[in-house]
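What follows is one structure encoded as structure tokens, with my remarks underneath.
The values are calculated or read from the model by the stated rules, or taken from the named source; none is laboratory data. Every value quoted in this text rests on a predicted model; they were computed, and no experiment measured them. Glycine gets a Cβ as well: all are built from the backbone with ideal geometry, and neighbour counts include every protein chain shown.
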Amino acid sequence: MAKAGIEIPDDYLHGIQAMASTESGDLSAFVLRAMLENWEAAKADRRPMCADTGVPRYYVKIGNEARVEGGPIELERRLRRATARATHDVPLRPNRVHPLSRRDNDNNVGINAPEIEYSFEPDADWIDVTTVHKGGLFGTDYRMLFPADGVDGIKRFYLDTLIAFGKRGLACQPAIVGIGLGGSKDTCMVLGKQAACLRVVGDRNPDPEIAALEDELKALGNSIGMGAMGFVGSSMVVDCHIEVGYTHTGGMPMSVHCFCLSSRRATARLHPDGRIEYRTDPEWFTPYLRRDTVEWQSPAASSKKSA
Amino acid sequence: MAEPSGKLKEVRLTTPVRHEDLRRLELGDVVYLDGLIYTGRESVYKRVLQDGVAPPVDLKALTNVNFHCSPAASRNADGTFNVGAVTATASFRFSKWLPKWLEVSGAKVIVGKGGMSEQDYRDTFVPAGAVYLTTVGYGTGALLGRGIRRVRDAHWIDDLGIAQAMWVFEVERFGPLLVESDLDGNSLFERNNRIVNQGLARLYEGLKPPSLARYGETDDRRDELIG
């Protein structure tokens, strides 16, 4: 969690450096330069890049051959303890409160907090733990669109969301914009958030049609005329990622999520021999996760079959 | 706003900030603060203005800068505090509290995120002789954290918690902040929004509206929550 909170991922850093060099709006360019300086300061001082811890959460990917000592209960216990410890030690802001009583345990742990989402990976004996601190108030919206709305509907809702939250910089742009398309309402939200938080700048969806739409929407977002903090400029979208799920035949639900100027994510791979490898690309969306068929065959088995 | 060279004008202000210093501020100036500032957001406002509890310290004698913030901080075993980063929270949510707060606290500078509406500036800030400075980014948590020299107090932390307590910070070169409103009630954000709004119709050209409108939906940009 400390790594995620302090060190801006390289892919995002390079994306913002590129934008800072082309931004023509004076105020927007000033903001981008200040952010670059801020990330330097965070690393040099070992202090969080942003005081708003957002709503810290975990994405856990478990290899099919991995065995967790103490089972899933122990895993969740460790993640809750780690959250409380990092909140005190880094320190991170204790953001999480009860929605009605506003009770704050001062450790970012509580009922349903932090969230832990799971996925699985064939032919693997490791466990990947990714931590993400994404802001929790602005920059996200959901809408039920219909097949007749088509790509026009997608573009309109995308613009609606970016314009509404981009003004005054409430979305903390330039952002990695994640879009969830399809699924049920809840999976549509989950997919969009994962698309924003778990794919790196420059990555494209393997489906060429979706990849082309990602390019188109990125350009569209940067043509709004709005830059950092909503000032006149062109720096709105560092990248756009779309993830899809099969949906109701009559609908096309869509969600939009902005992963902010303090895009905080870090991944640790835990090996059975105790080794831990750190990286900033969660590698969350694997072919297995995007599988489209009833059966799944491991890459080794399928390549054997096609040979 | 910006000078022709594209460089922004830089200003240092010492707290309590004097009226004549505020008079010189122009929209888009980059400000750094020295002196004392305190945090106050919904829980502090509610306690003082709704529940009628006296502020824990004589604010008028202390400083006139109110920061809409909660720090990333923790308490050490010896009772001192470790402050890592500080960033602001969105201020428009506190609109209903501010008229009375400016009166009770004597605050002349509000530091926060995203500013208030131009209406709020004209109705509330201008009569009180107050301006709004916005944090940058958002947020430059590490840079602002560097500007905090010492935590002087964390009032009400035991019952309001770290995020909502009233923190009093001694600061040095605390920034960067941008002048969002001046003493005449002009808003840098709204000035920019007016320019951005001119180009919005072009973006939607040729895109057919969705088949099912949402409750409360409007295509009129003037009907948005904040302009």
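Summary table below
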read-out: Residue that is farthest from B:Ser117 (Cα to Cα) [pool: residues in segment B:187-209 that are of a type in the set (A, V, I, L, M, F, W, C) and within 7 Å of another protein chain (Cβ to nearest Cβ)]; value: B:Leu207
read-out: Single condition B:Arg202 does not satisfy, out of (1) touching a strand residue (DSSP E or B) at 6+ places or on another chain (Cβ under 6 Å); (2) assigned to a helix (DSSP H, G or I); value: (1)
read-out: Criterion (among the acidic types (Asp, Glu), touching a strand residue (DSSP E or B) at 6+ places or on another chain (Cβ under 9 Å), outside any helix (DSSP H, G or I) and more than 30 Å from A:Arg67 (Cβ to Cβ)) met by exactly one of A:Asp215, A:Asp239; value: A:Asp239
read-out: Total residues in segment B:85-106, condition without any contact (Cβ under 8 Å) to a residue 60 or more places away in the chain, in contact with a strand residue (DSSP E or B) (Cβ under 7 Å, 6 or more places away or on another chain) and crowded, with 22+ Cβ neighbours inside 10 Å; value: 4
read-out: Residue in segment B:111-121 that is over 26 Å from A:Met226 (Cα atoms) and part of a helix (DSSP H, G or I) present; value: no
read-out: Selection from segment A:261-285 of residues that are of a type outside the set (Ser, Thr, Tyr) and within 19 Å of A:Leu191 (Cβ to Cβ); value: A:Arg265, A:Asp281, A:Pro282, A:Glu283, A:Trp284, A:Phe285
read-out: Residue ranges of strands (runs of 3 or more DSSP E) in segment B:10-70 with at least 1 members surrounded by fewer than 20 Cβ atoms within 10 Å (Cβ to Cβ), in contact with a Leu (Cβ under 9 Å, 6 or more places away or on another chain) and not basic (Lys, Arg); value: B:10-14, B:30-39
read-out: Residue in segment B:127-138 that is within 14 Å of chain A (Cβ to nearest Cβ) and among the aliphatic types (A, V, I, L, M) present; value: yes
read-out: Residues satisfying the stated conditions in segment B:148-172, i.e. assigned to a loop (DSSP other than H, G, I, E, B) and at pLDDT below 95; value: B:Ala165
read-out: Tabulated pairs, segment B:65-78, first within 8 Å of another protein chain (Cβ to nearest Cβ), second assigned to a loop (DSSP other than H, G, I, E, B) and surrounded by fewer than 24 Cβ atoms within 10 Å (Cβ to Cβ), C-beta under 6 angstrom, 6+ apart or interchain; value: none
read-out: Of all residues in segment A:21-80 being in contact with a Gly (Cβ under 6 Å, 6 or more places away or on another chain) and more than 8 Å from chain B (Cβ to nearest Cβ), the one that is modelled with the lowest pLDDT; value: A:Gly54
read-out: Qualifying residues in segment A:138-169 (those that are charged (D, E, K, R) and assigned to a strand (DSSP E or B)) - the one nearest to the other protein chains (Cβ to nearest Cβ); value: A:Arg143
read-out: Residues being more than 9 Å from chain B (Cβ to nearest Cβ), free of Cβ contacts under 8 Å to residues at least 40 places away in the same chain and among the polar types (S, T, N, Q) - total across segment A:82-111; value: 2
